[in-house]
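Before any comments, here is the structure.
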Amino acid sequence: MDLQLKGKTALVTGSTAGIGLEIARRLAAEGADVIICGRNRAKLDEAVARLSASGGGKVRGVLADPATAEGAKALLEAAPGIDILVNNLGIYESKAFSDITDEDWRKLFEVNVLSGARLARQYIQGMLERNWGRIIFVSSDSALKVPPDMIHYAMTKTAQLTISRGLAELTKGTRVTVNSVLPGTTRSEGIVDFLKSVASNPNAPAAEIEAEFFREERPTSLLQRMIEPEEIANLVAYVASPLSSATNGAALRVDGGVTPTIA
């Protein structure tokens, strides 16, 4: 299927590894020119090289942290006009509610919520003036099914749904859309340490730790396995394309069936 992304310019945050890297790869493979960003020059350059070797549209990296106002400004200067914004940047941790400090709440909010809101504010007006654009927030199944050990993380993911839906209301009658994608537990950088942190035996084989996690922590998952980053990227690429023109203001689940349909 041709997703008709040739000639489009996409900015993907949190894109030097994991889900973000696969989203960037999929968009580039469809012919889009892709901009990725990161805080570490070596890691950023490595990601650009890997994406460029995969073929497709042009890929370039911008050394910037969109979780800060300075980083967002640097991105705007490097890419003043884009067609597609994928707000994928995010961090997470498992922590007892009584141990979550004020600083923990602030940090997750600034990285997971404010970074995306800031970039959307920078780019949405240009999209509306050009009468075409896509803004996609990579949220989480935790936005709807809150893990008791990740309440602060879930709060940021629910906030993304609110921002996404509110921005979609501003696009009424235009060819600009704003949507959220809700992945489940996905195989990505850092997931091994996270699963070990909630495992009964952190030294058990990886397959046993994963099986225990889904049995104990995500029993409603219909897949009962981690989702692969490319499975998320496939949906994001479609939502970013002109083919998804009738999908706006939606929260699209790619969570392996963790969340019941009626939720």
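Just so you know, all these numbers are worked out from the coordinates, no wet-lab data involved. Bear in mind that the values here come from a model prediction, so they are computed numbers and not experimental data. All Cβ positions, even for glycine, are placed from backbone atoms using ideal geometry, and neighbour counts span all protein chains on display.
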Calculate the tail of P(r) for the chain: the fraction of all Cα-Cα distances greater than 24 Å, expressed in %.
46
Which value in deg cm²/dmol, rounded to the nearest 500, describes the helix-derived mean residue ellipticity at 222 nm for the chain, given -39,500 (n - 2.57) per DSSP H run of n ≥ 4 and division by the residue count?
-12500 deg cm²/dmol
Among the listed pairs LYS6/LYS43; LYS95/LYS157; LYS145/LYS172; LYS43/LYS107; LYS8/LYS73, which have their C-alpha atoms separated by more than 25 angstrom in this model?
LYS6/LYS43; LYS145/LYS172
The range 13-139: relative contact order from alpha carbon pairs under 8 Å, six or more residues apart, as a whole percent, is 24
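Neighbouring Cβ atoms within 10 Å as the yardstick, rank THR247, THR171 fewest first. Walk me through the intermediate numbers first.
Details: THR247 14, THR171 19.
Going from least to most buried by this count: THR247, THR171.
Using the count of nearby Cβ atoms within 10 Å as a rough guide to exposure, how do ILE136, ILE163 rank from fewest to most? Numbers along the way, then the final one.
On the way: ILE136 27, ILE163 21.
Final ranking by Cβ density, sparse to dense: ILE163, ILE136.
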More than 21 Å apart: what percent of Cα pairs in the range 38-109 qualify?
43
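Using the number of other C-beta atoms within 10 angstrom as an exposure proxy, rank PHE214, PHE137, PHE194 with the fewest first.
Details: PHE214 20, PHE137 30, PHE194 16.
Going from sparsest to densest Cβ surroundings: PHE194, PHE214, PHE137.
Which of the helices in the chain meet the span-like rule: DSSP H, Cα axial reach of 20 Å or more, Kyte-Doolittle mean at least 0.0? The partial results should precede the final answer.
Details: long enough: 115-130 (23 Å, -0.58); 151-169 (27 Å, 0.04).
Passing helices, by number: 151-169.
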